[in-house]
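Engineer: Just passing along the structure, written as structure tokens.
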């Protein structure tokens with residue numbers, strides 16, 4: 001059981017950043033000021049109630065697989081801040097994480113967000129999750145848009161629900177991706193719930209905190 005929980009969490013940590021990152025990554029011209037701002041916006045331990053513990057970020061965006069129907073290119077854009085939060089985990093295997101990018105201009109941030117947050121993102125997300133879960137098998141139950149509060153200047157949310165099976169044991173998982181753009185800032189958040197989605201009030205509260213810091 002604990003191995004299956006680990007497989008589900010690791011697959012999500014690999015698949016979600018891969019889906020949210022373009023294969024043509026933005027040019028990195030990081031500045032001290034924008035790195036500090038990005039760190040201040042990202043999730044912090046103080047955002048969470050008791051029972052959630054921060055740990056190493058397990059994102060692996062550098063060698064992400066591609067999707068045939070989803071291949072955004074941000075290589076003409078410039079990022080001046082880029083920070084991934086720790087992975088905040090609960091004892092049951094659920095976790096939450098965030099990625100913050102700050103672009104050189106508002107125009108670049110808007111362009112980058114619009115290239116990434118397309119309808120094809122959800123289907124690519126499901127494809128990458130199935131690949132990332134090996135050796136477990138994944139039965140996708142739902143992949144598509146999620147109703148969520150409006151954040152920043154523009155925002156989108158998506159939900160994946162699946163059954164993850166390994167060695168005769170099956171565990172339901174629910175993964176929500178929430179992304180928004182505000183001025184020069186683009187943010188993506190992942191919420192993974194084991195057996196059921198994390199409470200909507202919990203997700204909304206965390207997203208609102210992050211969005212407020214991006215103002």
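Engineer: Among 48, 129, which comes first, second and so on when ranked by fewest other beta-carbon atoms within 10 Å?
Structural biologist: Working: 48 18, 129 25.
Ranking 48, 129 by Cβ neighbours within 10 Å, fewest first, gives 48, 129.
Engineer: Choose one answer from 141, 151, 43: the residue with the largest mean-square fluctuation in a GNM of the chain with alpha-carbon springs under 10 Å.
Structural biologist: 141
Engineer: Now a separate question. Could you give the angle, 0 to 90 degrees to the nearest 10, between helix 106-116's Cα long axis and the longest principal axis of the Cα atoms of the chain?
Structural biologist: 30
Engineer: Calculate how steeply helix 32-41 sits against the longest principal axis of the alpha-carbon atoms of the chain, using the helix alpha-carbon long axis, and give the answer as 0 to 90 degrees to the nearest 10.
Structural biologist: Long axis of 32-41 versus the principal axis of the chain: about 40 degrees.
Engineer: Name the residue, out of 69, 80, 137, whose mean-square fluctuation peaks in a Gaussian network model built on the chain with Cα pairs under 10 Å.
Structural biologist: 69
Engineer: For the chain, set up a Gaussian network in which alpha carbons nearer than 10 Å are linked by springs, and say which option among 174, 33, 122 fluctuates the most.
Structural biologist: Its mean-square fluctuation being the largest, the pick is 33.
Engineer: How much FRET efficiency would the formula 1/(1 + (r/R0)^6) give for residue 195 and residue 154, where r is the Cβ-Cβ distance and R0 is 35 Å, rounded to 0.05?
Structural biologist: 0.65
Engineer: Using only the alpha-carbon atoms of the range 116-189 as identical scatterers, what base-10 log of I(q)/I(0) does the Debye formula give at q = 0.11, 0.18, 0.20, 0.23 Å⁻¹?
Structural biologist: -0.32, -0.72, -0.83, -0.98
Engineer: To test your reading of the geometry: what angle, between 0 and 90 degrees and rounded to tens, separates the Cα axis of helix 2-20 from the longest principal axis of the chain?
Structural biologist: Orientation of helix 2-20: about 30 degrees from the principal axis.
The numbers here are math on the coordinates, done by the rules we state, and not lab data. Source: prediction; values computed, not measured. As a convention, Cβ positions derive from the backbone with ideal geometry for all residues, glycine included, and neighbour counts pool all protein chains shown.
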